[in-house]
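Asks: First, the structure itself, so that you have it in front of you.
Rule-based calculations on the coordinates, nothing more; no lab input. A quick note: this is a predicted structure, and the numbers were derived from the prediction, not measured. Don't worry about glycine lacking a Cβ; one is built from the backbone with ideal geometry, like all the others, and counts go over all protein chains shown.
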Amino acid sequence: MVRAENVSFRYGAGQPDEVAALFDVDLRVAPGEYVAVIGPNGSGKSTLAKHINALLMPSSGRVVVAGIDTRDPDRVWEVRQAAGMVFQNPDNQIVATVVEEDVAFGPENLGMPPAEIRRRVKEALEAVRLLEYSQHAPYALSGGQKQRLAIAGVLAIRPRCLVLDEPTAMLDPVGREEVLRTVRRLNREDGIAVIHITQDMEEAAEADRVVVMDGGRVVLEGTPRQVFARADLLRELGLEVPQVTELAQMLRADGLDIPPDLLTVDELVAALCPS
Amino acid sequence: MPILIEGLTYVYAAGTPLEARAVSDVTLSIEDGELLGIIGPTGSGKTTLIQHLNGLLRPTQGRVVVDGVDLASSREALRAVRRKVGLIFQYPEQQLFEETVFEDVAFGPRNLGLGEAEVEARVKEALGQVGLGHELLKRSPFELSGGQMRRVAIAGVLAMKPKVLVLDEPTAGLDPRGRAEILGHLEALHGRLGLTVVLVSHSMRDVARLARRLVVMDRGRIVLSGTTREVFSRAEELERLGLKPPPMTSLMRRLRDRGRPVSLGVLTVEEARREILRVVRGERGN
C-alpha cells in the first residue's frame, strides 16, 4: 500500500540553512494494516507523513503509494486520492459553511458528476456517524465531531489509506474516543490502511504495528508488545510506555509472576487474578 | 491570596440571537497555595471561568474577589490583580513574537516600568524556573522545540512574579518528555515558591499527577468537586460526563470487582504498585 525506500529529506535543500529531517527511512504499510508512528517532537514523524501524501518529495530515495511514485508530477492527485490526510487542528481543515458541502469539496474537485458526489457524501457522513448533521454549520460542531468531519472529507475521495497526524491531540476524552472508534471501524470493517502519528502510548498500543522515530530515523519497529517491552530504550528517547505496561514491568521486578509485555487493564487483571 | 468566586454567571452575546450562557451560578473558593484541577468536557465553561480570574471577562452576574478586592470595584484593583494572577492560554507559544528569548520574556516586566537590571534578573530567574538555561537568551524563540517554546511563554508570565498561575491545557500537543517537564516545573513552582496553581486539562493523567483538589464542570456548572482521589473514585458519574478516571484508578476498580481488597484511591503507577504489593503479600502471609 505504502512503501518508503531509503527516504532522506532536507528542508531548504541546497540552501546554506538546509536542515536534514529524514535519514534513510524505510517504511512499508500493507493494505488494511494499522500502523502507529511514535517519537519525540522533531523526530520527523510529520515530515514522513507529508511524504505519503505527496505534500513533500524525498531529497533522495522514493515513496510509492498504491503503486504510484509520489515524484510523478502527473499523478500527484492519484496519490492524494489513495492516501488521505487528517491533521491535528480540526478548525484548520474545514472549508465550507455547511457540513455536507465540506465533504463534497474533495469529490467536486475530482470533477465527479453530481449524483455520484451526493452518494459519496452520504456514505462518508454515514461512516463517521454524522449524517444527521449534514445541514449543520461546521463551526457549531464539537472538536470530536469536527475531526470526524475532516475524516469524512477524506473518505469521500475513497482513499485506501488514512494518514492521521495527531488527530486527537486537541480533543477532550469524549472527542478522542469518538475519533479513535471511527478510525478503528474504518480499518477493521472497510479495510482502510491507517498510519496514525500519536504522542499517546495507549493509542499506539492498539495498532497492529508500532514504528518509533528519533532524529529523522526509524529506530525501533514491531508489534506493540515487542516495542513496549523495550521500556528503557523508549525512556531514553523521551517516550514512555502505557501505564499498565509500566506497572506490569515494575511488579515483575518486584518478583510477581507477570509477563513483561502486557498492554491493557484486562490483561493485567487476568495476570493478577488467575481464575 | 485567596480567590473567591460567588454566584458567577457569564452570558456571551447577551441580547442577541447568539446569546449563550457559558457559566451558570458558579461559586468556588481557591485557597492560598492550592493545586486545583478543573476538568470537564469541551464547552463546559472551564476556559470562560478561568478568564474571570484575572478580569479578562467581567461577570454577567455574581462577583470575583481576589485577595479581598472585588475585581469590579476599580480599574486600579483590576490592574493590581492582573499582575498577581498570571493566565497562560492554550498553545501560548503561538503568542511569542520577539526576536530573542530574552526580549520575549522581558516584555512583561518592561511594561511594569522596571529598570533594566531588574528586568534582566527577572528574565533569568523565570527561565531558570522552567528549566531553561541562559545560553538560550539570544536565540530566536522560533528555533526552539515545541516544549521549549511553551516554557518560554510560561517564563514570560512568571517574570511578572504572579502569586497565582492559571494554565489552560499546558501540556496539549507535547511529547511525553515535554509533558513531564512542564508538570515537574509546575510542581516545583508550587512547592518552592508556594504559588497557587489552577490547571485546566483534558488529561486525567496530568491532573491525577498534579492536582490535589478537582472541580468538574458540565454545561457551565460545577457538578462534582472534592479531593482528586474522591472525584476519580466516582467512576460512574465521570463516565456519564464522558470523562474517564486515569488508567490506574480503573485498574483498581477492576481488581476490586474480582474480589481483591485494594483501595480505590489510587492515582499513579507508583501508588498502584504499592497497593498491589500490599494486597498480594498480605495474601501470601496468610
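Asks: Which value in nm describes the separation of the simple spin-label points at B:VAL69 and A:ARG235, placed 7 Å from the Cα toward the beta carbon?
Replies: Computed distance between label sites B:VAL69 and A:ARG235 equals 4.7 nm.
Asks: Farthest toward the dipole's positive end in segment A:2-224, which of A:VAL218, A:ILE52, A:GLN88, given Cβ charges of +1 (Lys, Arg) and -1 (Asp, Glu) about the Cα centre?
Replies: It is A:ILE52.
Asks: Which of the pairs B:LYS46/B:LYS244; A:LYS45/B:LYS124; B:LYS84/B:LYS138; B:LYS84/B:LYS124; B:LYS46/B:LYS163 have their Cα atoms more than 23 Å apart in this structure?
Replies: A:LYS45/B:LYS124; B:LYS84/B:LYS138
Asks: Taking Cα pairs under 8 Å and at least six residues apart, what relative contact order does chain B come out at, in percent?
Replies: Rounded, it is 21 percent for chain B.
Asks: Give the shape of segment A:2-224 as rounded, prolate or oblate, defined through the alpha-carbon gyration tensor: a ≥ b ≥ c are the square roots of its eigenvalues, a/c under 1.5 means rounded, and otherwise the shape is prolate if a/b is larger than b/c and oblate if not.
Replies: It comes out prolate by the Cα gyration axes.
Asks: I need the calculated FRET efficiency for the pair A:GLU116 and A:GLU5, taking r as the beta carbon distance and R₀ as 35 Å, to the nearest 0.05.
Replies: 0.50
Asks: A follow-up question, please. I need the chymotrypsin sites (Phe, Trp or Tyr not before Pro) found in segment B:21-123, filtered to DSSP loop residues with at most 11 other beta carbons within 10 Å of theirs.
Replies: Of the chymotrypsin sites (Phe, Trp or Tyr not before Pro), the ones in loops of segment B:21-123 whose Cβ has at most 11 other Cβ atoms within 10 Å are B:PHE97.
Asks: Which percent of Cα-Cα pairs in segment A:4-99 sits in each 5 Å bin, short to long?
Replies: Spelled out bin by bin, segment A:4-99 gives 3, 11, 20, 22, 20, 13, 7, 2, 1, 0 percent.
Asks: Which number do you get for Rg(Cα) / (2.2 N^0.38 Å) in segment B:183-286?
Replies: It is 1.21.
Asks: Just add up the charged neighbours of A:GLU100: K/R +1, D/E -1, any other residue whose Cβ is under 15 Å from the Cβ of A:GLU100.
Replies: Result for the neighbourhood of A:GLU100: 0.
Asks: Show me the three semi-axes of the equivalent ellipsoid for segment B:246-286, from the C-alpha gyration tensor (sqrt of 5 times each eigenvalue), largest first, rounded to whole Å.
Replies: 17, 12, 6
Asks: Right, something else. Mind checking the log10 I(q)/I(0) for segment B:3-228 at q = 0.08, 0.12, 0.15 Å⁻¹? Debye, one equal scatterer per Cα, no solvent, two decimals.
Replies: -0.29, -0.66, -1.01
Asks: Looking only at A:ALA152, A:ALA96, A:ALA66, which one moves most when chain A is put into a Gaussian network model with springs between Cα atoms under 10 Å?
Replies: Largest GNM mean-square fluctuation: A:ALA96.
Asks: Of the beta bridges DSSP finds with both residues in segment A:115-244, what % are antiparallel, to the nearest 5?
Replies: 50
Asks: How many percent of DSSP beta bridges within the protein assembly as shown run antiparallel, rounded to 5?
Replies: In the protein assembly as shown, approximately 55 percent of DSSP beta bridges are antiparallel ones.
Asks: How big is the dipole moment of the protein assembly as shown about its Cα centre under a simple scheme where the beta carbon of each Lys and Arg is +1, that of each Asp and Glu is -1, and everything else is neutral? Debye, nearest 20, please.
Replies: 940
Asks: Right, another one. Using Cβ counts within 10 Å as a stand-in for footprinting exposure, how do A:PHE9, B:PHE142 rank, fewest first?
Replies: Least to most surrounded, the residues fall as B:PHE142, A:PHE9.
Asks: Okay, moving on. So if we plug the beta-carbon distance of B:THR9 and B:GLU116 into 1/(1 + (r/R0)^6) with R0 = 41 Å, what FRET efficiency do we get, rounded to 0.05?
Replies: After rounding, the FRET efficiency stands at 0.35.
Asks: Based on the Cα coordinates of the protein assembly as shown, what is the per residue volume of their convex hull in Å³?
Replies: Cα-based convex hull of the protein assembly as shown, divided per residue, equals 172 Å³.
Asks: Let me ask something additional. How do B:HIS190, A:HIS136 rank when sorted from fewest to most other Cβ atoms within 10 Å of their own Cβ?
Replies: Sorted ascending by nearby Cβ count, the order is A:HIS136, B:HIS190.
Asks: For the protein assembly as shown, what does the helix formula give at 222 nm: sum of -39500 (n - 2.57) over DSSP H segments with n ≥ 4, over the residue count, nearest 500 deg cm²/dmol?
Replies: Taken over the protein assembly as shown, the calculation gives -11500 deg cm²/dmol.
Asks: Students often get this wrong: which residues of segment A:119-145 have the backbone nitrogen under 13 Å from the point 7 angstrom along Cα-to-C-beta of A:GLU101?
Replies: So the set is A:135-139.
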